[in-house]
Amino acid sequence: MVPLFTGEHVRVAVPPGRAVEAVRDAFVAYARGEWTMPPKVYVGAYPAGDFRAMPALGGGHALLKWVTSFPENPARGLPTVTGLILLSSAADGRLVALLDAAAVTAVRTGAAAVLAAETLGRPDAASAAVVGAGVNGEAVAQTFAARGRPPLVWDVDEERATAVAERAGGRVAASVEEALAADLLATVTPGREILLPSGALRTGQHVSLMGADGPGKAEIAVDELARLRVFCDDWEQASHGGECAAAIEAGVLFRADVTELGEVLAGAAAGRVSDGDVTAFDSTGLAIQDLAVALVALERADELELPVVDL
């Protein structure tokens, strides 16, 4: 009998503040070689979407995430992200839990976006904003709020932005331009359109780019990214399927120009070095982040009335 964490169970078990701590620890463990993560595998079903298989090992456990990304699904009344996470013991291989992949994805996306903003943003950053009020965008907004920064929220769907802003205790931005001008910005869109053209970001600003998590997606123009101090979650993933990929292909960004966030958190590399730096975090989504959230959920299994699956 294997416990199943539904989406609601995941959200109850792993509140935003705890998720930030867990994801920070996972980045550091990965940077130090204590956790491992084989490459993410994409199975394309384009133009509709894709499937992703994401393994990781750490904390005495192994994880496999099978998850989808079908951006047009909301128009059909279906979620963009669906899937399942299998969590196993690394001591004997036993399957110890199943978790809803969409909920884990949202929780760790919120944690990673805000962790990067707090790590790379100016110490005196006053305003935060989230562009994109889907499931993952709401998780980012809730995480900003939980960390003491109720955000501005903007979305092409004003009704959706209003609902997310109300639930997060923030407010709806008067325009996308107002949101994009925040000290700490997170973009959480499908990545089909450039939000940040050349010269869009101002001195001292930080942006967590969360939407371009696969080939062909982008939220920032290549020449705009090239002029910033660039950080990523994982170089191998970002250089093939993140914002960095197009800039690398264009010959304006190189490995030496990009620092992994885990290296900064582990004290092995510099983050922001001056108030005038403009910083960007290219997020492609890592299985180690999913593992971190899953392990926190597992710690609270006895407190929850979890359904079980007889395999």
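Here is how the numbers come out for the structure above:
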read-out: At least 27 Å along the helix axis (C-alpha) and Kyte average at least -1.0, DSSP helices within the chain; value: 101-120
read-out: The stretch 181-222 - accessible surface per residue (Å², probe 1.4 Å); value: 34
read-out: Within the accessible area of the stretch 127-206 (1.4 Å probe), percent carbon and sulfur; value: 50
read-out: Leading residue at positive end of dipole, the chain (Cβ point charges), from LEU115, ALA26, VAL308; value: ALA26
read-out: Carbon/sulfur fraction of accessible area - the stretch 1-111, other protein chains in place, 1.4 Å, %; value: 63
read-out: Part-to-part distance (alpha-carbon centres) for the stretch 51-110 and the stretch 174-235, which is given in Å; value: 26
read-out: Rounded to the nearest 10 Å², the accessible area of ASP50 at probe 1.4 Å; value: 10
read-out: Percent antiparallel among DSSP beta bridges (both partners in the stretch 85-227, rounded to 5); value: 20
read-out: For the stretch 270-311: accessible area per residue (Å², 1.4 Å); value: 41
read-out: Helix-only CD estimate at 222 nm, as mean residue ellipticity for the chain, using -39500 (n - 2.57) per DSSP H run (n ≥ 4); value: -10000 deg cm²/dmol
read-out: Total charge dipole magnitude, the stretch 88-167, about the Cα centre, Cβ charges on Lys, Arg, Asp, Glu only, Debye to nearest 20; value: 320
read-out: ALA90 versus VAL252: modelled label distance in nm, points set 7 Å from Cα along the beta carbon direction; value: 4.0
read-out: Prolate/oblate/rounded label for the stretch 1-69 (Cα gyration tensor, a/c 1.5); value: oblate
read-out: Cα gyration tensor category, rounded, prolate or oblate, for the stretch 252-311 with a/c compared to 1.5; value: prolate
read-out: Efficiency of FRET between THR6 and ALA174 - r from beta-carbon atoms, R0 45 angstrom, step 0.05; value: 0.75
read-out: Relative contact order, percent, the chain [alpha-carbon distance under 8 Å, six or more residues apart]; value: 22
read-out: The stretch 157-302, relative contact order [Cα under 8 Å, separation at least 6], %; value: 24
read-out: Rounded accessible area of SER239 (nearest 10 Å², 1.4 Å probe); value: 20
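The values are calculated or read from the model by the stated rules, or taken from the named source; none is laboratory data. Everything numeric here is computed off the predicted structure, so don't read it as measured data. Here Cβ is always computed from backbone atoms with ideal geometry, including for glycine, and neighbour counts include all displayed protein chains. These area figures cover heavy atoms from the full protein model, side chains too; ligands, DNA and RNA do not enter into them. Shrake-Rupley method; radii C 1.70, N 1.55, O 1.52, S 1.80 Å.
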